[in-house]
Structures are given as C-alpha cells and as structure tokens.
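Participant: Input: one structure, supplied below.
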Amino acid sequence: MNAEQKKPGKSPPPPHVQLILMCRTYWLPRMLYAAARLGLADHLAAGPRTAAELAEITHSQPAFLYRLMRALAGLGLFSEDQPQRFALTPLGAALQKDAPGAAYSTVMTLASPWFLKASEQLLHTVQTGETGFEAAFGVPFFDYVAQDPERVFRFSETMVGVHGAEPAAVAAAYDFSKFETIMDVGGATGNMLAAILTRHAQPRGVLFDMPQVVRDAHILLKKHGIEQRVSIEAGSFFDGVPAGADAYLLSHIIHDWSEDRCLTILNHCRKAMKPGSQLLIIETVIPPGDAPHPGKMQDIAMMVLAGGQERTEAEYASLLAKAGLRLSRVVPTASEVSVVEAVLA
C-alpha cells in the first residue's frame, strides 16, 4: 500500500487488489540487486550521467538500463534531471559500496539469486519440515555461506545492516557495568561487544567465534578504541564455550538453529557459567496476539533458511528450562530486539 492509499479518509483497496499489490513487490529486490551489482550508485557518485554513458561503463544495453533506472527513480533512488540522465538521491547514495549502514552488502545478500532461490522453497518447508535452503542447494545455509570468502564478508556486513540500530539500543537498555567480563559467543567481528564496551567502561570483553570469522575482528575493535579491552578466542560453540565469564552474550544466535542445536549451544554455555553468571540472549521476542510484528516475518526467513525460529517469552522460558537455565526477565530495548536474561536453574 502506498502513501496515497494510506491518506486519512481514503478507503483501502479491496482485498483482491491488496493481495495483487503484495505479489508485485516480488520485483523490488531484483531491481535493487541489479542496481547494486552494476554499481550504479558508485558510478553516479561524482555527478549525473546518462543511461547510455552508464550502459557503456556497466556493459549493459542502454534502452533496458534506462528502463530499470526509470523504475528505480520512481522509487526515489535516482532523479531524472534531464531526459535519460540520472542523478543520485540520498536514498540511492546509501547503496554505494562504502556508504554507512551496509545497505550494499545487505542487498547483495538478501536479494542475491542464491538467497531468493532458497526463499522460493517456503512451501516445501511448510509441507515437509525441511529447510528450504537445503532443498535448493543440498547443504545447510551456514555451510554454503562459508564456502565463499566473499559470501562470508557480505553476510557479516548484512548482519550489521539488518541489525545496525540494535547494539547501541542494547547497550543503553541493559546495565552491563555490573560485569567484569562479558563473553560474546558467536560475536562475529565484535559489533555488539564494541557498542557495549564503548558505553560501559568497567567490563572487559572476550570475543568468541570461528577462526575465519574473528580473523579481521581486530580492525573493528581498534576502530572503536577498545582493542586493549578485548581478547579474541577462536572456536565453535557446538564444541564448547570458554569458562569463567560473568556474562555470556548470544546475539542473534539462538534464532538461527533447530531446537536440538540450540540446546547444544545453551548446554555449553551453562557448563561454562560460574555461580552468579548470567546468560543474555539478544533476539526479537514475538508478542502474543495477531498484531503485525517484524519478528513474525523474520521467523519465516529463519524457518526456510536455517531451520531456526523467533520465539515468544514463554517459548524462551521453555527452551531455557530444557538446558538447565531459568529465564529471570526480558528487558526491552529501543530497537526490535530484547535482552532475554537467564541464570542457572
């Protein structure tokens, strides 16, 4: 539904039209992917160019490229300042490779042919309980990503793009100053840990993830000026978790996996925890009822891609109890995620 249809006093389209409009959004990710893959935002960064000039640079057909850019201009990415000549808008500028917010990498992942191919298997997942990704590619999602260093990099950037507002919101909403050591389990390159330690001067951090993931973490930690407060440990949370921290952080980890694999991770965390330690799960917590909520859409993606799921507070309490942990409270943040706090049962 567009802005015109949402104006006060204007009736919404009839149900059949609403359904058809939903289906037409199918083209949007493909258009954005084409623009990103061709580097159109970067080519326009120095100033306006004609579709013919851009076609020569990108090895495209001028007439067809013009039609793509005209459609994207209608969405606000470009402006056609002269016939068939386009300039970059602030929205389009966000699609440059080095623009803040990681939109480029996010589009290159979420709108990629391989990602969309997996999403087409939603019906298969609903009917069989199998992940759509394995049906499409024959291997689990994270194994596929790990096969290509470019995919690994883009996926890490995508997590920053999708969850970019969350680290600061989490650091502001929860009192991390009570901990001496915070271990970010599966913390990638340290984005969440950096936000927490930047806001709270007392704790030290431990970043724990696979060797290929934490390899470049020192760059981000140095950028935030906290590299001296963080130690980096390489390993898999399916094999074990280092012991001795006051807080164990699982940010967007539990929603990635089946219940059995979640229990493996949680059991390893429980074994590593000392008396008084806390486990902090950073995830979207789905509220009860049928009101729209972004977590409900994210839940579909987790179901199809990796066999994971988003959960309600009651479902988190049940899962944690199976791992010998007790949910003590849920702390909301100014972002879509909450902090699910758990202690030893």
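Participant: Take the conditions part of a strand (DSSP E or B) and either at pLDDT 95 or above or farther than 15 Å from LEU44 by Cα (or both) and apply them to SER79. Does it pass?
Facilitator: Taking the combined requirement at face value, the residue satisfies it.
Participant: Given SER105, SER112, which one is out of contact with any Phe, Trp or Tyr (no Cβ under 7 Å at 6 or more places or on another chain) and either under 18 Å from TYR33 (Cβ atoms) or modelled with pLDDT under 95 (or both)?
Facilitator: SER105
Participant: Provide a single number: the residues in region 40-76 that are outside any helix (DSSP H, G or I) and among the basic types (Lys, Arg).
Facilitator: Residues meeting the conditions: 1.
Participant: Could you list, in sequence order, the residues of region 133-172 that are among the hydroxyl-bearing types (Ser, Thr, Tyr) and closer than 23 Å to MET192 by Cβ?
Facilitator: Of everything in region 133-172, those that are among the hydroxyl-bearing types (Ser, Thr, Tyr) and closer than 23 Å to MET192 by Cβ turn out to be SER156, THR158.
Participant: Being of a type outside the set (Lys, Arg) and either open to solvent by 40 Å² or more (accessible area, probe 1.4 Å) or farther than 30 Å from VAL152 by Cα (or both): is that true of SER119 here?
Facilitator: Yes, satisfied.
Participant: Further question on the same structure: Quick one: would you say ARG49 is open to solvent by less than 70 Å² (accessible area, probe 1.4 Å), of a type in the set (Lys, Arg) and touching a residue at least 24 places away in the same chain (Cβ under 8 Å)? Full working, then the answer.
Facilitator: Numbers: open to solvent by less than 70 Å² (accessible area, probe 1.4 Å): no; of a type in the set (Lys, Arg): yes; touching a residue at least 24 places away in the same chain (Cβ under 8 Å): yes.
No, not satisfied.
Participant: Right, another one. For region 25-42, does any single residue satisfy the condition of being touching a strand residue (DSSP E or B) at 6+ places or on another chain (Cβ under 7 Å) and surrounded by fewer than 20 Cβ atoms within 10 Å (Cβ to Cβ)?
Facilitator: Initially, region 25-42 is screened for residues touching a strand residue (DSSP E or B) at 6+ places or on another chain (Cβ under 7 Å), giving 41.
Imposing the further condition that a residue be surrounded by fewer than 20 Cβ atoms within 10 Å (Cβ to Cβ) reduces the set to none.
Checked region 25-42: no residue is touching a strand residue (DSSP E or B) at 6+ places or on another chain (Cβ under 7 Å) and surrounded by fewer than 20 Cβ atoms within 10 Å (Cβ to Cβ).
Participant: List pairs: first in region 315-330 and of a type in the set (D, E, K, R), second assigned to a strand (DSSP E or B) and buried (at least 20 other Cβ atoms within 10 Å of the Cβ), Cβ under 7 Å, 6+ apart or cross-chain?
Facilitator: Short answer, once both residue conditions are applied: ARG326/ALA342.
Participant: Here is a further query. Collect the residues in region 189-213 that are within 16 Å of PHE238 (Cα to Cα) and either in a loop (DSSP other than H, G, I, E, B) or open to solvent by less than 50 Å² (accessible area, probe 1.4 Å) (or both), keeping them in residue-number order.
Facilitator: Once the filter is applied, which keeps residues that are within 16 Å of PHE238 (Cα to Cα) and either in a loop (DSSP other than H, G, I, E, B) or open to solvent by less than 50 Å² (accessible area, probe 1.4 Å) (or both), region 189-213 yields LEU207, PHE208, ASP209, MET210, VAL213.
Participant: Next up: Where in region 127-188 are the helices (runs of 4 or more DSSP H), entirely inside, with at least 1 residues that are of a type in the set (Phe, Trp, Tyr), at pLDDT below 90 and surrounded by fewer than 20 Cβ atoms within 10 Å (Cβ to Cβ)?
Facilitator: Counting at least 1 such residues, we get 149-162.
Participant: Any residue in region 244-258 that's touching a residue at least 12 places away in the same chain (Cβ under 8 Å) and open to solvent by 10 Å² or more (accessible area, probe 1.4 Å): show its pairings with residues that are outside any strand (DSSP E or B) and among the hydroxyl-bearing types (Ser, Thr, Tyr) at Cβ separation under 7 Å, as long as the two are six or more apart or on different chains.
Facilitator: Filtered contacts from region 244-258: ASP246/SER277.
Participant: Also, I was wondering about something else. Mind telling me which of the residues SER277, SER318 ends up being over 20 Å from ALA165 (Cα atoms) and open to solvent by less than 40 Å² (accessible area, probe 1.4 Å)?
Facilitator: Values: SER318 fails: open to solvent by less than 40 Å² (accessible area, probe 1.4 Å).
Going through SER277, SER318 in turn, the sole match is SER277.
Participant: Sticking with this structure for a sec: On the given criteria, is ASP299 modelled with pLDDT of 95 or more, over 24 Å from LEU193 (Cα atoms), under 24 Å from the mean Cα position of the chain (by Cα) and open to solvent by 10 Å² or more (accessible area, probe 1.4 Å)?
Facilitator: yes
Participant: Follow-up. In a strand (DSSP E or B), open to solvent by less than 40 Å² (accessible area, probe 1.4 Å) and among the aromatic types (Phe, Trp, Tyr) - does that describe any residue in region 232-240?
Facilitator: No - not one qualifying residue is present in region 232-240.
Participant: Quick one: in region 265-274, which of the residues that are in a helix (DSSP H, G or I) and open to solvent by 50 Å² or more (accessible area, probe 1.4 Å) is nearest to ARG329 (Cα to Cα)?
Facilitator: ARG270
Participant: While we're on this one: Among the numbered criteria (1) assigned to a helix (DSSP H, G or I); (2) farther than 28 Å from VAL214 by Cβ; (3) out of contact with any helix residue (DSSP H, G or I) (no Cβ under 8 Å at 6 or more places or on another chain), which one does ALA87 miss?
Facilitator: (1)
The values are calculated or read from the model by the stated rules, or taken from the named source; none is laboratory data. Just so you know, these numbers come straight off a predicted model, no measurement behind them. In this analysis, Cβ positions are derived from the backbone assuming ideal geometry, glycine residues included, and neighbour counts consider all displayed protein chains. For the accessible areas, the whole protein counts, side chains as well, though only heavy atoms, and no ligand, DNA or RNA atoms are used. Shrake-Rupley method; radii C 1.70, N 1.55, O 1.52, S 1.80 Å.
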